[in-house]
């Protein structure tokens, strides 16, 4: 595939391997490279397609794409192009996008594996106390972007997710990429704040689901996993005890092992299609 062209936009994709397609979606301020270890592990038996979401990596910049398409549109279009049942994988913001895509795609989803999907609006809709924490993070992020202080915004954003020491130790190139991504992330926060879809559509998902959580992640991210684990039919939960939110980077082997086993199981033994009543 390499590149997807739609709505006048360009979506760059890493496309490797052969077999049942795995559509892997990265999180905020990241890129398709997040899933390189998964592609390497599955490449001999699965086709792993990992897009750069809009505004990231080699895809159309957000200031051009904004208002013309969403990241959900990207995932749905890729699934349409792939045609056959897909194994959806997502981390963080990409996990939230993959979750919404699964509700739209229905029986085209062969399996679903989400690493701490940040569907934070569910906390608000369910009246969960953890909502207050993440709402404050989101509102501060949006305020700093609107004030034009992208450096301070990146410091706050990455300090929350990976800790100030790890962020301070990051390379200059990484810092520059993250700072540039802050306006796009602000729109991702706005989308989450406005989202009104509750848990009900996810209770009707047919695809077998896996949730992966770090034992040292944030309270809000952990609570979203709890809500979805109680909602997704037949859902399994894998916990990586010493990992935080960024486990696909910090504990890549553990994530690949869990997600790869889930994909392999359901690629080898697909669920029968639901029959109409």
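Quick notes on this one:
- Among the candidates 79, 96, 110, the residue that is more than 21 Å from residue 248 (Cα to Cα), touching a residue at least 60 places away in the same chain (Cβ under 8 Å), in the same structural domain as residue 13 (by TED's automatic domain parsing) and in contact with a helix residue (DSSP H, G or I) (Cβ under 9 Å, 6 or more places away or on another chain) is uniquely 110.
- Check on residue 223, without any contact (Cβ under 8 Å) to a residue 24 or more places away in the chain and more than 26 Å from residue 33 (Cβ to Cβ): no
- Any hit, segment 80-93, residues being within 16 Å of residue 35 (Cα to Cα), out of contact with any strand residue (DSSP E or B) (no Cβ under 6 Å at 6 or more places or on another chain) and crowded, with 22+ Cβ neighbours inside 10 Å: yes
- Among the residues of segment 243-275, those identified as at pLDDT below 95, surrounded by 13 or more Cβ atoms within 10 Å (Cβ to Cβ) and assigned to a loop (DSSP other than H, G, I, E, B) are 270, 271.
- For the residues 57, 44, 67, the requirement of being part of a loop (DSSP other than H, G, I, E, B), surrounded by fewer than 24 Cβ atoms within 10 Å (Cβ to Cβ), out of contact with any strand residue (DSSP E or B) (no Cβ under 8 Å at 6 or more places or on another chain) and not assigned by TED's automatic domain parsing to the domain that holds residue 176 singles out 67.
Residues are listed down the side, and each one gets a yes or a no for (1) modelled with pLDDT of 95 or more; (2) out of contact with any helix residue (DSSP H, G or I) (no Cβ under 7 Å at 6 or more places or on another chain); (3) in the same structural domain as residue 216 (by TED's automatic domain parsing):
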{"residue": "120", "(1), (2), (3)": "yes, no, yes"}
{"residue": "134", "(1), (2), (3)": "yes, no, no"}
{"residue": "139", "(1), (2), (3)": "yes, yes, no"}
{"residue": "148", "(1), (2), (3)": "yes, yes, no"}
{"residue": "151", "(1), (2), (3)": "yes, no, no"}
{"residue": "159", "(1), (2), (3)": "yes, no, no"}
{"residue": "171", "(1), (2), (3)": "yes, yes, no"}
{"residue": "176", "(1), (2), (3)": "yes, yes, no"}
{"residue": "182", "(1), (2), (3)": "yes, no, no"}
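- With respect to (1) in a helix (DSSP H, G or I); (2) touching a strand residue (DSSP E or B) at 6+ places or on another chain (Cβ under 8 Å); (3) under 26 Å from residue 257 (Cα atoms), the lone exception for residue 37 is condition (2).
- The numbered conditions (1) farther than 18 Å from residue 91 by Cα; (2) in a strand (DSSP E or B); (3) in contact (Cβ under 8 Å) with a residue 12 or more places away in the chain are all true for residue 5 except (3).
The values are calculated or read from the model by the stated rules, or taken from the named source; none is laboratory data. Note that the structure is a prediction, hence the values are computed from the model and not measured. Note: ideal-geometry Cβ built from the backbone for every residue, glycine included; neighbour counts use all protein chains shown.
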